[in-house]
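Report on one structure; see the data block that follows.
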Amino acid sequence: MTRKQKRLAVVLGGVSFITVAVLLVMFAFSQSVAYFFMPSDLATTEVRPGTRIRLGGLVAEGSVKRDQGSTVRFTVTDGKGNVPVSYTGILPDLFREGQGVVTEGAFDDSHAFVADSVLAKHDETYMPKDVADRLKKDGVWEDGKGKSSQAAPAVRQGVAQGGTPADGAATQGVVRQ
């Protein structure tokens, strides 16, 4: 092999290695992506059963029903659309009707949304920016107003006394406005 052929072989080997590495990373990311939807988005978008998504909005008034065990059924709404949700597990302390919520899960074969995680938000301060922006745009939420802002003074008082937000786990990855 000449010197030129050796150099070409090294360059081609390096390019091949980088290409394989990029393809593996892209494949891993495509498997872990969970797209974010509001209930009104699901009326116009086809989501296949088993596809993981994030569903955000408000817990509809009068929709929380507790089944046997730790299974809870509730409806997530954005004022334009509603999606019934089933969740088995322990709900966050701040979960209640009229509050902001982000659920993550998938639709089953019967088109029922089955959540495997639920994050409750007590007001727009700790709500993910994309959820708060969409709710404000749709006229469902206004800054400092709404039923969910009633819970905020007690939590803020606890923070002012040296505590932490009661919803510490739910505030991870959240943009404060």
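If you rank Asp133, Asp93 by fewest surrounding Cβ atoms within 10 Å, what's the result? If you can, show how the numbers build up before the last one.
Values: Asp133 15, Asp93 11.
The order, fewest Cβ neighbours first, is Asp93, Asp133.
Which residues' amide hydrogens lie under 5 Å from the amide hydrogen of Gly105, considering only partners 5 or more residues apart or on another chain, with H built in the peptide plane?
Residues meeting the criterion, in which the H sits 1.01 Å from N, are Ile53, Leu55, Asp116.
How would you rank Phe95, Phe27, going from fewest to most other Cβ atoms within 10 Å of each one's own Cβ? The partial results should precede the final answer.
Values: Phe95 21, Phe27 9.
If I rank by nearby Cβ atoms, fewest first, I get Phe27, Phe95.
Under the 0.36 nm per residue contour assumption, what length would be gained going from the current alpha-carbon distance of Asp67 and Lys4 to full extension?
Values: separation 63, 0.36 × 63 = 22.68 nm, distance 7.29 nm.
That pair, Asp67 and Lys4, stretches by 15.4 nm at full extension.
Read-outs throughout are calculated quantities, based only on the coordinates presented, and are distinct from any laboratory measurement. In this text the structure is predicted, and so the values were computed from the model without any measurement. Here Cβ is always computed from backbone atoms with ideal geometry, including for glycine, and neighbour counts include all displayed protein chains.
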